[in-house]
Structures are given as structure tokens and as C-alpha cells.
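Undergrad: Sending over a structure as C-alpha cells; questions will come in a sec.
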Amino acid sequence: MKRLSRRNVLRGAGGVAVALPLLADWARADGPPPKRFIASYVPNGVFTPQWFPTAGADERTFTLGAIHQPLVPYKDRCLFVQGIDMNVAIQGTGEMHQRGLGALLTGAKLNSGTFIGNDGSSAGWAKGKSIDQEVALMIGQTTRLSSLQLGVNAQERDVSGVMSYGGDAVPLLPQNDPRVTFRNLFMDGAPGPMLDAVQARRKSVLDAVLDQVAVVKRRMGAVDQQRLDAHFTKVRELERRVTALPPGTCPAPMAPGELNPLTEAAMPEVAKLQLDFVLLAFQCDLTRVATIMWSDAKNHRGMPFLGINSSIHNITHYGDSDMGRLKLIDRDRWQMQQFAYILEGLKNVADPNGGTLLDNTLVFQGSDVSRGNVHSHDDMPHLLAGGAAGWQMGRFVRFGGQQHNNLLVSILNAFGGTHTTWGDPAFCTGPLRGL
């Protein structure tokens, strides 16, 4: 009998392809629900005196401050950490904001280059891959898009405006326009039909190749025939979930109306659209990995919808006793409202494979510096939430000077990796203990 190649596929009408199982070693049982990952970037640090919770008698008895009040309903799903130091960004090419953003997900230093920073120094792109792209290799290869890179007024098209990297000096710039996000996710080409029409046209991939299945099966032994039947049973079940979900489970969204996504006043509208599209993309399993940037590391913009009409970047440079710096509290609280919106959206969607999307997603938020007025990289304001990592949530954990890169390793391993290091090895000692 002629043995089928691992690359064998059946092709039906329109070139639709259905991969055959790896017959030699195919024996997978139904696995756990798929995991998902979101990484969020908030620029220029936070108002540190009110950022970290008030510690209690143990890790679970902590009190949230005014900034984190939007997260009170999700306190038991959040993990606050203190004592994570991004030492890889303290020295090297570029200025502190550039280095911090470049290292946020890569754990790497910057290449030399010609991108001018806030202090006039220059730098290039980051030297390594970001963890979102490594996670996408583990969980995002069967979805329509392996990952999304989104922005909300993240205008810089250089190292100050990128958090996601496909490799050394391979930037993945964020998309700021929700209309383009919509087309990329829900249109079958541009122009093209909506998602529901796409699903209808692809309603039964298997039906297009059933005649070929019969031919292939006649060339197989009994064991391989059984494996092929079992394989197509699983494909049919996947197809059923995608194309025959109950009404409203995977709805086709309305296209966004006209807007200028790069204006300060439009940020709330753009934020809601971008987050809604991420949530719907997760719900429809169009992607399982997303990053979102809330402006860029230069961030010389106000937030007039919060009554902040001057540059956020400049406000972060005021001293902690300067009354002008208190406006940063309003910015930080608004960012927590967006974080809570993500958690609420994930919690409200049942995962077809079990639990809710929040149970099966890890959300990570970080910044390029911790305190903008001194450009420090100690005590980074990291926040994590969701159940995908299997960590004990609902805690405030103080690590006491652990490397930022160790947290990146821990995130990778939570998604099935076996990493012992990530980024610059001089700033990584392995995964964190106590998560």
C-alpha cells in the first residue's frame, strides 16, 4: 500500500483543502479548551504612590486603591505583582522609554539605529522576538489570524510605537484604525462579504471532498481507515462549532462608521471598537493572541475626555508632590476601566470547549517605565488576569527584585513552553516561583 505523506490534503471545489491526519502517530484525545493571550501596553509609567495595592496579612488579603476600583468585581481573577525589575532596559542603545517598550515583551536590548528618542538619542528596533509571537506559534496556528497587533492612538512608526516583534529587528506595527481591524477579521478579502456570508460559503468543507475520501480510504488498511474516520468526525465537530453556532454566539459585527482614529477625542470610541473586535475574534476563534497599545512611548497627547488637555508624557515627568501629576491618577483609572472591560467581555462569553473565555485567557499589562519622572525600571507596574496560566489569582505577590525576563519565561511556559530563558540571557534566571 502506498503510504500517504504527512502533507497529503484533499482538495474540493474552489481549492478548499482539508488536511489528512498524521496517520502514523495520530492518536489525540480531545484536549482542554484552547488558551488565549492578550498583552496591553500603557505608556510612560503610572502614578506609583497609588498604583500598588495595600498589602494585608497574606497575599490574598490586600486592598485595592482608587486607581483599581474598576477591577473590584474581578479582584479574584487578578494577580498584582511588585518587585519585578526590568534591568535589561536600564542601559544600552536608546533612551529609557525606547528601551523599556522594546524590552516589554522581548526581554531584549535595542539595536543601533536612527530613531530619535525624547532626549535626542537614537536607537533601532528590538533585538528579539516578543512573547506574543512565541505564544502564537504554540496556540495560534489553526486560526484565521495567528495574532493581532492593535493600537489606540499609537502613532509613532518607530521603536517608540512597537511592542510586538516577529524576531530580531522585525517589528509588527499596531493597527490604529478599527475599520481596518474589522476588514482584516471579518471580511474575506477587500472588498468581500461579511463573516456570515463567508461561513455560509464554507458551510461544509467536508462535503466538497467526500468523493475523494472514499477513494483514499480504499488504499488504506483497516486501522488507518478508522483513524481517518475519527479524524473527519473531529473536523466535522469543529466545523459544526464554527458554522452552526447558536444565533448570537458568533455574530457578524457592523462595520465601524467614519471616524478619525488618530484624534485625542476619538480615543474612547476607538478603544471600545478595538476591544470589541478582539473579544469577538476570540469568541469566533479567528485569533487567540492579541496585543494592544494605548498610545506610544512618546505619547505627547492629551486626553480631553478626562479633562487632560496637556501632554500625558509631560505630566508623568512632574514630581510626585506636584499637583499637576495628580492628573495621571485619572489616566491610570481610565486604563483600569479598559482592563475591566476586557475582563467583563471575556467573562460574559461561554467557551464552547468549557468554562468562559476569561477562564481560558491570560491578560498581561505593562509599561515602558515604572515612574516617568525618574525613568525607573524597578517595581514595574505589571498586572495579570484570567485563568489560562493556571496560576493562583486573587493575590498581591511581592517578589523582591526578580528579573522582568523571568516573568516572560513564566508566561511562555504557562502556554505549554519549556523555556528556561527569554530575551537577553544576562537578565534571566528562569521562571518565577510562587505564581
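The values are calculated or read from the model by the stated rules, or taken from the named source; none is laboratory data. Quantities reported herein were computed from a predicted structural model and do not represent experimental measurements. Ideal geometry is used to build each Cβ from the backbone, glycine not excepted, and the neighbour counts take in all protein chains shown.
Undergrad: Keeping to the stretch 54-77, report how many residues are closer than 27 Å to V135 by Cβ, buried (at least 18 other Cβ atoms within 10 Å of the Cβ) and touching a Phe, Trp or Tyr at 6+ places or on another chain (Cβ under 9 Å).
TA: Of the residues in the stretch 54-77, 5 are closer than 27 Å to V135 by Cβ, buried (at least 18 other Cβ atoms within 10 Å of the Cβ) and touching a Phe, Trp or Tyr at 6+ places or on another chain (Cβ under 9 Å).
Undergrad: While we're on this one: Determine which single condition A154 fails, assuming it passes every other condition in (1) surrounded by 15 or more Cβ atoms within 10 Å (Cβ to Cβ); (2) in contact with a helix residue (DSSP H, G or I) (Cβ under 6 Å, 6 or more places away or on another chain); (3) at pLDDT below 95; (4) aliphatic (A, V, I, L, M).
TA: So the condition that A154 fails would be (3).
Undergrad: Residues in the stretch 109-139 that are small (G, A, S), modelled with pLDDT of 95 or more and more than 17 Å from V369 (Cβ to Cβ): how many?
TA: 7
Undergrad: Restricting the stretch 406-435 to residues that are under 17 Å from the mean Cα position of the chain (by Cα) and assigned to a helix (DSSP H, G or I), which is nearest to D378 (Cα to Cα)?
TA: L407
Undergrad: I'm trying to understand the selection: among the residues of the stretch 269-304, which are out of contact with any helix residue (DSSP H, G or I) (no Cβ under 6 Å at 6 or more places or on another chain) and of a type in the set (D, E)?
TA: Scanning the stretch 269-304 gives E269, D276, D285.
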